[in-house]
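Take a look at the structure below.
The values are calculated or read from the model by the stated rules, or taken from the named source; none is laboratory data. These figures come from a predicted structure and were not determined experimentally. Using ideal geometry, Cβ is built from the backbone for each residue, glycine included, and neighbour counts are taken over all protein chains shown. Side chains are part of the model used for accessible areas, which takes the heavy atoms of the whole protein and leaves out ligands, DNA and RNA. Shrake-Rupley method; radii C 1.70, N 1.55, O 1.52, S 1.80 Å.
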Amino acid sequence: DNRVIRFKCNLQNTIIDVLRDRGWTEVKDDTDWDFYWCDVGWLRENFDHMFMEEHVRICHFRNHYELTRKNLMAKNLKRLRKQIEREQGKVEAAKCDFFPATYELPSEFHIFVEEFKRNPGSTWIMKPVAKSQGKGIFLFRKLADIPDWCKKKGMEAPDTYIVQRYVESPYLIGGRKFDMRIYVLVTTYIPIKAYLYREGFARFSNTRYNLDSIEDSYIHLTNVAIQKTAPDYDSEKGCKWSLNSLRKYLTAKHGIEGVENLLQAITSIFIKSLQSVQRVIINDKHCFEMYGFDILIDSNLKPWLLEINASPSLTASSQSDYEMKVRLLEDVLNVIDMENKLTGKEKRVGGFDLIWDDGPVTKEDVGFDSISSSSLYTSNVFLGCLNDREQQLKQLYKQQQNKAAAAQSNNNN
């Protein structure tokens, strides 16, 4: 397919470099584009008033916030849990137990207070629903520590927060807390089709974990935006590990089986999260979404969903971070396939593995590799495995060319 592909992008970070390197044509005006990497503000203002031709693609679903605003995510996950309990019983519903007890404030303040009193001495975390990068987050153990806005009546509406049970015993490496940023690409919600990227990173706090100092953000919040303001932060070293390094570390500590169980539990979080909004997301064939899932592991190797980002940061914190994000974004474009090189049935495109296609996806016969595969599980999950994407893409495109050439010669005969 040799047509000119016109793209528009109003972000000045890794994505603009990737789009420019693709050989597509950059356009600045509002009408003539085939592919738009837009921000969510533009989407909110313009999406409903536009006509888009069949081939056009845009990087968010219309109401993506159903999964990515903290209060709506909790509401949708709670609803899914109730629905599963009603239809399949409590045992199955318990599989939704991957996000901490969560309440929206001020609207659920009284329900929260009852729960708070049932668990004296436990730690809670407050997060504003619409902010990112750790802004406005704090921990508390006494109701008196919550700002006065909860108690004000008749004042202007307070900001909406969520309050969550704090996971008090996180898995520590070198005495430090971390969470994982994992990328999931959704190309359609009806039916759900989702890909998991092999690469991602673990973000560590700069300071050793200690539950005595709940006011110290450098201990409890792993956001790079916060950690880089720590007095002893080293920008070269940073606070990130690749998921490949983390996987090797956990495999050495807990064995292949322990890590496989963890990865299956994490994958289940992705799928259940998407299922929780399947009926409310406005599915549109022009839309796709690359979500950044933030997952915390506790000391029992149980994964917890912290939040889901619709615009995961594409700004690089180091050279290796930049290179990883370039690979990720190139592969997003490879899956979206504006050039029509693929059939749409591929189980792997570059670093993306198809994990759900209206049902679980099983592995191809990949041969036995001690760190990347196990006979325990057959689902197509390779999180933290080797990302030999260039070799794989070369083979994939060659196969497609051969098939197209064979079809052409059959037609000529």
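Taking 0.36 nm per intervening residue step and subtracting the Cα-Cα distance, what contour gain separates ALA130 from ARG208 on full extension?
Between ALA130 and ARG208, full extension yields an extra 25.2 nm.
Quick one: work out the % antiparallel among DSSP beta bridges in the chain, nearest 5.
Just about 85 percent of them are antiparallel.
Could you order peptides 320-332, 336-348 by the average number of other Cβ atoms within 10 Å of their residues, highest first?
Working: 320-332: 20.0, 336-348: 14.8.
Going by the mean number of other Cβ atoms within 10 Å, highest first, we get 320-332, 336-348.
Considering only protein heavy atoms and a 1.4 Å probe, what is the carbon-and-sulfur percentage of the accessible area of the chain?
48 percent
Give LYS285/LYS345; LYS95/LYS117; LYS193/LYS363; LYS75/LYS127; LYS177/LYS302 a once-over and call out the pairs whose C-alpha atoms are over 19 Å from each other.
Violating the 19 Å limit, Cα to Cα: LYS95/LYS117.
Amide H of LYS363: which non-local residues (sequence gap of 5 or more, or other chain) have their own amide H closer than 5 Å, using H built in the peptide plane?
SER379, ASN380
Ranked highest first by average number of other Cβ atoms within 10 Å, how do 378-389, 400-411, 256-267, 75-86 line up?
Taking the mean over residues of other Cβ atoms within 10 Å, the ranking is 378-389, 256-267, 75-86, 400-411.
Report the calculated FRET efficiency for GLN395 and ARG6 (r = Cβ-Cβ distance, R0 = 25 Å), to the nearest 0.05.
Rounded to the nearest 0.05, the efficiency is 0.25.
Between ALA144 and LEU301, take the C-beta separation as r, use R0 = 51 Å, and let me know the FRET efficiency to the nearest 0.05.
0.90
Considering amide H positions built from the backbone, and no H for Pro or chain starts, which residues 5 or more places from ILE355, or on another chain, come under 5 Å of its amide H?
Those qualifying (amide H under 5 Å, at least 5 residues apart or on another chain) are ALA194, TYR195, LEU196.
Give a residue-ordered list of calculated ³J(HN,Hα) values for the range 68-82 (Karplus: 6.51 cos²θ - 1.76 cosθ + 1.60, θ = phi - 60°; whole Hz; x for Gly, Pro).
10, 8, 4, 6, 6, 4, 5, 4, 5, 5, 5, 5, 4, 4, 5
At q = 0.12, 0.15, 0.16, 0.17 Å⁻¹, what is the base-10 log of I(q)/I(0) for the range 31-105 according to the Debye formula with one equal point scatterer per Cα and no solvent? Please give it to two decimals.
Computed log10 I(q)/I(0) values: -0.54, -0.69, -0.72, -0.75.
Could you tell me which of VAL4, SER318, VAL129 has its Cα farthest along the dipole of the chain towards the positive end, charges placed at Cβ (Lys, Arg +1; Asp, Glu -1), taken about the Cα centre?
VAL129
Could you work out the pair-distance distribution P(r) of the range 231-363 from its alpha-carbon pairs, with 5 angstrom bin width and percents rounded to whole numbers?
2, 7, 13, 19, 21, 19, 11, 5, 2, 1, 0
Between the helical axis of 243-277 and the dominant principal axis of the chain, each derived from Cα atoms, what acute angle in degrees is found, rounded to the nearest 10?
For 243-277 against the chain, the angle is about 90 degrees.
Applying 1/(1 + (r/R0)^6) with R0 = 45 Å to the Cβ-Cβ distance of ASP29 and TYR322, what FRET efficiency is obtained, to the nearest 0.05?
After rounding to 0.05, the efficiency reads 0.95.
How much length is gained on full extension from ILE190 to ALA252, taking 0.36 nm per residue of separation minus their Cα-Cα distance?
Between ILE190 and ALA252, full extension yields an extra 18.3 nm.
Would you calculate, for the chain, the mean residue ellipticity at 222 nm contributed by helices, counting each DSSP H stretch of 4 or more residues as -39,500 (n - 2.57) and dividing by all residues, to the nearest 500?
After summing the helix terms and dividing by the residues of the chain, the value is -10500 deg cm²/dmol.
Expressed in whole Å with the largest first, what are the equivalent ellipsoid semi-axes of the chain derived from the C-alpha gyration tensor as the square root of 5 times each eigenvalue?
After scaling each eigenvalue by five and taking roots: 37, 26, 22 Å.
Please list, ordered by chain and number, the residues whose modelled amide H lies under 5 Å from the amide H of ILE282; skip anything fewer than 5 residues away on the same chain.
Hits under the 5 Å cutoff: ARG62, ASN63.
Run the quick spin-label model on ALA405 and ARG118: label points 7 Å from Cα toward the beta carbon, then report their separation in nm to one decimal.
It works out to 6.7 nm between the two label points.
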